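Let me begin by presenting the structure, written as structure tokens, before commenting on it.
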Amino acid sequence: VQVGQEEMEEELTEADLDQRVDIYLSETDTLWMFDMPSVMVSVEAEDAGRVLERNKIYVDICKTKASSERFEERMVQTLSGAAKNKEVQCETIIMEDKGMVVTSWDLDNSLDASAIEPTSRAEGFGATTGGNSKSPTAKEQEQTVSVSSDRGITTSSLMIPESAVPVRSQEEEKCHSEAILTSENLKHDLVIMERILMENIFQPKLAAYRQIPVLIEPDITSDRGDTATATEEDEEEEHDKEKKDEGKEGKGFTDPSMKINETPEEDAAPRLEQLWSYMCELTSGHSVSSMTWNKVNPDLLAIGYREIDSKDQKKGLACCWSLKNPMWPERIFQCDHGVTAVDFSLASPNLLAVGTSSGSVAVYDVRSRNDVAFLDSSASLNKHTGAVWQLRWVEQDRGATGGDKKERLMCISADGRVTEWLIQQRLDCIDLMKLRRTEKEKKKLPGEKERKSEGPISQHAAGMCFDFHPEDTDIYVAGTDEGHIYQCSCSGKEQILGTYRGHKGPVYRVAWNPSSTDMFLSCSADWRTILWHRDSQTPLLTFSSVTAFVHDIMWSPKSAFIFAAVKESRVEIWDLSVSIFNPVISHAANPEANLTSILFAKNTNCLLLGDSLGGVGVWELFNLDAPGSNKV
């Protein structure tokens, strides 16, 4: 009989519960549920050399099979399949002989291509009979050839024209054609022909841009009878229309004041109409970052292109477009990083300054067809560490002898520095201003303890834009990513004349009024455009029509009251003499893309709008009367 021992549960006392018990945790054996070997190996691993050697062998195998028509690159691991032999039955290949007739002078000229006049062939065929030969004339030569036979002497004559050209070899003809295609004269002629064709295609648009009459080609018919019939029909139609109008007037009375109002309001209202767009395959996929006119040639436009998304590491472009060819740029300058700012020099109009998102500054010579920079800041020890958001050529008499103004290149960057670049054998810069961040004052609640102020990540505020005073170029205003605008002076080091606080987001653009020089505009990401006075740190007027970022603004060069602003996909034209609450024009220029920059044309009523898809549209302004300067 087996008796099972019952387990006795030990009762714990309070002393046992209070007693300290040590528990030790030990690691158990690892159970592998799923193991997938890695396809990546570190370069510093022990077997890295063996893996690289295997990869090289695999690449060599792929190169050997690349010429096969059945080869297709795929990411699979498989063995090479067995070779197959395939037989195909086809029709019998027919051989064909061809021949051509070659005259004696062709054979002679092929031996000596440099000779122009054909030589006599009488000595090569035998004796020549003098009785049947003729002396050569100015137009032709007769060569007499005698052939002896058993029956007698047979005489034949060959006519050789004097204008026979020697036969050239295929290699000489190929070299000659390549020399023609690569010649500079042909390229120059093609450029002239291309511009003639462009002017013919865009003649109505260019005439509207330059505000000159449009040339209309008359319809010319060869048959006079058709012309006479057409004129008779037109006269009959006009006569019928006059009769109908007379009948309508007889039926009822028309107020003359109503006739004036019969014109549609749309024709009298201000509006925009697109003429053409500067865009090609090279610029598509980029975003327009900045635009500027040449200071001497108003038909030459420079446009900077950057990547659409900051994550895309695309190369930037700086292109020079001309009105003579709106379909392809005259100059193309490739940059390693996105172009963020461009500006032409006034003292040397052929120099184009370019700023990039990497902080580098380059100067290009647009007269040269080479895309290599004339000067570059890559060797400068004091170059920018952030994106160069804006640069300007500014004439200043600071330090000049005799009152002569000297042109200087100024830049503002995201690293918080306003710099002046010295144009020497290489580009080098000096700091004019370092924009400091300002601490925000926080309101303390009653009974709240004071907290220690946390230091900002960066002591410098990112500079976003600046603009120099149109009369006193030593004074400029600079906008930052904090939303503050500083009025600064170039004469003193780090001298801030005033601070304008009104924006709640980064300031994208500031612009002095060219007519009323005490006023300037600013636009920001807080959906607002603010009008400031130089002597007042409070906003005069605030313009906000839609909830959208205001990327760019610009005053009209013809009026002190008109300015334009771009808000994502819309462009707005404000006329302060008409209304300070609503724009006179609000137009969706390109619903598929966001507008990024704006530029007024100098000598015409046109506006240029750059978008995020690489296009720059030229728009004509209608019925926008600029008020006189006496109102200012």
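The values are calculated or read from the model by the stated rules, or taken from the named source; none is laboratory data. Predicted model, so just to flag it, every value in this text is computed and none were measured. No Cβ is skipped: glycine too gets one built from the backbone with ideal geometry, and neighbour counts run over all protein chains shown. Side chains are part of the model used for accessible areas, which takes the heavy atoms of the whole protein and leaves out ligands, DNA and RNA. Shrake-Rupley method; radii C 1.70, N 1.55, O 1.52, S 1.80 Å.
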**Request:** Could you tell me whether any residue of region 398-417 is of a type in the set (Ser, Thr, Tyr), open to solvent by 60 Å² or more (accessible area, probe 1.4 Å) and at pLDDT below 90?
**Result:** yes
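Of 43, 51, 88, 59, which residue is open to solvent by 100 Å² or more (accessible area, probe 1.4 Å) and at pLDDT 85 or above? First the steps, then the outcome.
Values: 51 fails: open to solvent by 100 Å² or more (accessible area, probe 1.4 Å); 88 fails: at pLDDT 85 or above; 59 fails: open to solvent by 100 Å² or more (accessible area, probe 1.4 Å).
From the options 43, 51, 88, 59, the qualifying one is 43.
Of the residues that sit in region 316-349 and are of a type outside the set (A, V, I, L, M) and surrounded by fewer than 15 Cβ atoms within 10 Å (Cβ to Cβ), which one is modelled with the highest pLDDT? Show your work before the answer.
If we filter region 316-349 for residues that are of a type outside the set (A, V, I, L, M), which is where we start, we get 316, 319-322, 324-326, 328-331, 333-338, 340, 343-345, 348-349.
Going one step further and asking which of them are surrounded by fewer than 15 Cβ atoms within 10 Å (Cβ to Cβ), we end up with 334, 336.
Details: 334: 92, 336: 89.
My answer is 334.
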**Message:** Residues that are open to solvent by 40 Å² or more (accessible area, probe 1.4 Å), under 22 Å from residue 514 (Cβ atoms) and in a helix (DSSP H, G or I): does region 612-629 have at least one?
**Reply:** yes
**Prompt:** Of these, 338, 416, 355, 386, which one is on the phi > 0 side of the Ramachandran plot and not β-branched (Val, Ile, Thr)?
**Reply:** 416
**Request:** Look at region 565-588 and say how many of its residues are open to solvent by less than 60 Å² (accessible area, probe 1.4 Å), under 23 Å from the mean Cα position of the chain (by Cα) and more than 20 Å from residue 539 (Cα to Cα).
**Result:** 5
**Fill in**
Across (1) modelled with pLDDT of 80 or more; (2) assigned to a loop (DSSP other than H, G, I, E, B), residue 196 clears everything bar (2)
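Out of curiosity, is residue 26 of a type in the set (S, T, N, Q), closer than 30 Å to residue 172 by Cβ and at pLDDT 80 or above?
Values: of a type in the set (S, T, N, Q): yes; closer than 30 Å to residue 172 by Cβ: no; at pLDDT 80 or above: yes.
No.
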**Prompt:** In region 272-329, what count of residues is obtained for those that are farther than 14 Å from residue 617 by Cα, in contact with a Pro (Cβ under 8 Å, 6 or more places away or on another chain) and not in a strand (DSSP E or B)?
**Reply:** 5
**Request:** Quick one: in region 545-564, of everything that is of a type outside the set (A, V, I, L, M) and under 20 Å from residue 596 (Cβ atoms), which residue is most open to solvent (accessible area, probe 1.4 Å)?
**Result:** 547
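So which residues in region 359-368 are of a type in the set (Gly, Ala, Ser), farther than 23 Å from residue 599 by Cα and at pLDDT 90 or above, if there are any at all? If you could, list the steps in order and put the result at the bottom.
Start the filter on region 359-368 by keeping residues that are of a type in the set (Gly, Ala, Ser), which leaves 359-360, 362, 368.
Narrowing further to those that are farther than 23 Å from residue 599 by Cα: 359-360, 368.
The answer is 359, 360.
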**region 506-517, residues that are modelled with pLDDT of 90 or more, open to solvent by 10 Å² or more (accessible area, probe 1.4 Å) and farther than 17 Å from residue 575 by Cα** = 506, 508, 509
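Determine whether region 378-389 contains at least one residue that is touching a residue at least 60 places away in the same chain (Cβ under 8 Å), more than 18 Å from residue 610 (Cβ to Cβ) and either acidic (Asp, Glu) or in contact with a Ser or Thr (Cβ under 9 Å, 6 or more places away or on another chain) (or both). Full working, then the answer.
At the first step, the residues of region 378-389 found to be touching a residue at least 60 places away in the same chain (Cβ under 8 Å) are 386, 389.
Then keep just the ones that are more than 18 Å from residue 610 (Cβ to Cβ); that gives 386.
With the extra rule that they be either acidic (Asp, Glu) or in contact with a Ser or Thr (Cβ under 9 Å, 6 or more places away or on another chain) (or both), the set shrinks to 386.
Yes, the conditions are met somewhere in region 378-389.
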**Prompt:** Can you name the condition, by its number, that residue 191 falls short on among (1) free of Cβ contacts under 8 Å to residues at least 60 places away in the same chain; (2) under 20 Å from residue 618 (Cβ atoms); (3) surrounded by 11 or more Cβ atoms within 10 Å (Cβ to Cβ)?
**Reply:** (2)
